[in-house]
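The values are calculated or read from the model by the stated rules, or taken from the named source; none is laboratory data. Computed from a prediction, not measured in an experiment: that's the story for all the values here. Counting neighbours? That spans all protein chains shown, and the Cβs are built from the backbone with ideal geometry, glycine included. What goes into the accessible areas is simple: the full protein's heavy atoms, side chains included, and nothing from ligands, DNA or RNA. Shrake-Rupley method; radii C 1.70, N 1.55, O 1.52, S 1.80 Å.
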Amino acid sequence: MSGAALGLEIVFVFFLALFLLHRYGDFKKQHRLVIIATLLAWYLCFLIVFILPLDVSTTIYNRCKLAVNSSPAESNGSYVTLAPSKQKCFKPWSYIPNGIMPIFWRVVYWTSQFLTWILLPFMQSYARSGGFSITGKIKTALIENAIYYGTYLLIFGAFLIYVAVNPNFNLQWNQLQTIGIAAANTWGLFLLVLLLGYGLVEIPRSHWNGAKRGYLLMKTYFKAAKLMTEKADAEENLEDIMEEVRKVSESIKYNRPLRKYVDTILKKCPTEYQERMGRNMDDYEDFDERQNSYPSEKSLVKLHKQVICSVQRHRRTQVQWQILLEQAFYLEDVAKNETSATRQFVHSFHSQEPENKIIQYFYTPTVEWYWECLLRPWFYRVLAVVLATFSVIVVWSECTFFSTNPVLSLFAVFIQLAEKTYNYIYIEMACFLTIFFLSICVYSTVFRIRVFNYYYLASHHQTDAYSLLFSGMLFCRLTPPLCLNFLGLTHMDATISHKNTQPTAYTSIMGSMRVLSFIADGFYIYYPMLVVILCIATYFSLGTRCLNLLGFQQFMGDSEMTSDLIDEGKELIKREKRKRQRQEEGENRRREWKERYGNRDISTRNRVVHTDQKESSFSETNTNRSLSKYTRSNGRTERDRIELLQDAEPLDFNADSINDDPLESDSGR
């Protein structure tokens, strides 16, 4: 079994990273280099988390062998804490032969550092560039990263000059390498504690609130109101950008040198806009026929970048709106089925995606009712209590892991108890659960945070290339200090335990932090205690309240703005639900009509269309108004007109909104 566990985990982690990237990225539309770079960054970070427990168990076994093979004098000295008998020193099932782990960690670590500090920042600028050629995009990326790279080179050069001039320093290459690693880990630890303090509180609280049906439904209404505003802004922004594209397309004809750039921009536009602008194009014209001012190549590059961003944002909001509607409908169905006497779950709408027959066979309406209405709330409560217990243990250990006599860190106590009996499976499971929980707290925060429209990880293939690359950068910078923090919590790091024992292979490639004693004995030990203050701030939602005061609406139960947005979102969901019901009723009527009369309904359908023209006149007016920028030719056939009338939606004469003037609502926007 030597090395088999390592190989299995390498394969498993690869497919895990591929699955997550497929959920957030779009393999068909995004550039292959972006997908490969992001996949490599995620894969290496997840690999470190999964392989580190094997390194711990292998290190404990190697310590056991050294203690057994040492002389009695040595046993009373260096290995006084171990001194096991030969019967207890047996090889673990996941043992990795000597020499493999140091090479493995060195390749993984330096590859991730190359990605996060050099390659990924360059690819970010390359992905956001609006250039029309590879050379142009590379030039733009180099210019944007000149300050970024120049700052690091300036700091590193000044440090080398200081070391060379000062006679008190006699640093070797290994020590310079350790200083660079310490600087990178210090930056990562600074951000790690901030994200960890948020995740330790928010993850248990989100699962506890997940058991509250009313809470989830109210939060969904709140999200619907905010998303509708964002969706309207995205549509308006896209309309403005498409208007600029139309003007540029009309000004630069096919015989102009810059026309190839315009064609590239048009390919990035949605299909309906391409068709409208294509129908309004004239034939060739001579160069000297008109004396108009044409846009420059630089302005076209800027317009190309705006088109890419606006189209991505518009598509993302459309998909998120449909997903949020399905979630809201489902939560409303759960609320209705809780009082059902038949104890069978009834959906308001049929699923738009084909259901798996195996899942449909086992997950019957009765099983769904018991799970959604009875078991799931209690399961979420129990899970929240377990996660809260883990969070308390992590906070306590972060504040006490520097104490070695007595040992106060609970994780170190668990590992040392298992080390006495050499229960390697327990050691690996305890290490894996610990580092996995820490990783979930940190990585989930990375997936949740949003920096306006520059960084946003959206599921269902709606994350842009810039955000994917930025997440890869964050993972590569956060994972090494996360692993060092875990080794400190378990006292597997000699810098923390102050014992002359064999270090783990991961710690050995980091070098001795004693070169910078103020970081090893100060920052690495006392800065993680700040997690207590961050947990308290997160528990009382201080960050959410500050953002709410600054004008960024956040979900707060005691806020008047939150109540208004909940009411607005509730009305939006009602409107979309009525619209979905009318669509399903229309489809059912057409299906019944076709089954009853077959092909003999052509004349009757024409009469129905003529009768529904009055009901659809307002929708047709709105449609024509939105298409006023791109007028169609007067030679449209009667068949196209009939199809347009069939797709038009009748007015919703609801008692709650019958007094609203539709003209006023349209002009209000």
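What to note about this one:
- With a Förster radius of 45 Å applied to the beta-carbon distance between S459 and N69, the computed FRET efficiency rounds to 0.25.
- The simple Förster model, with R0 at 56 Å and r as the Cβ-Cβ distance, assigns T264 and N500 a FRET efficiency of 0.30.
- Extension gain, E585 to F12: 0.36 nm times the residue separation minus the Cα-Cα distance gives 201.6 nm.
- Ranked from largest to smallest solvent-accessible area, with a 1.4 Å probe on the protein heavy atoms, E230, E239 come out as E239, E230.
- Pairwise centroid distance, computed over Cα atoms, of the range 34-61 with the range 424-454, Å: 13
- Taking Cα centre as origin and charging only the Cβ of basic (Lys, Arg, +1) and acidic (Asp, Glu, -1) residues, the dipole magnitude of the range 102-220 rounds to 520 debye.
- Taking all protein chains as shown and a probe of 1.4 angstrom, I519 keeps an accessible surface of around 20 Å².
- The accessible area of C399, taken with all protein chains in place and a 1.4 Å probe, comes to roughly 40 Å².
- Three-way shape label, the range 176-229, alpha-carbon gyration tensor, a/c 1.5: oblate
- By definition, a body whose alpha carbon gyration tensor gives a ≥ b ≥ c is prolate when a/c is 1.5 or more and a/b is larger than b/c, and the range 407-559 fits this prolate description.
- Extended-chain gain in nm, criterion 0.36 nm per residue less alpha-carbon gap, F190 and V382: 65.9 nm
- Largest first, the extents of the alpha carbon coordinates of the range 179-266 on the three principal axes equal 62, 53, 13 Å.
- A Förster distance of 25 Å, applied to the separation of the beta-carbon atoms of R575 and I440, puts the FRET efficiency at 0.10.
- With eigenvalues of the C-alpha gyration tensor scaled by 5 and rooted, the range 463-503, Å: 34, 7, 5
- Cα gyration tensor category, rounded, prolate or oblate, for the range 90-197 with a/c compared to 1.5: oblate
- Solvent-accessible area per residue for the range 361-440 (1.4 angstrom probe, square angstrom): 53
- Using 0.36 nm per residue and subtracting the Cα-Cα separation, the extra length available between Q327 and D233 on full extension is 31.6 nm.
- Each residue was assigned an accessible area with a 1.4 Å probe, and for H22 the value is about 90 Å².
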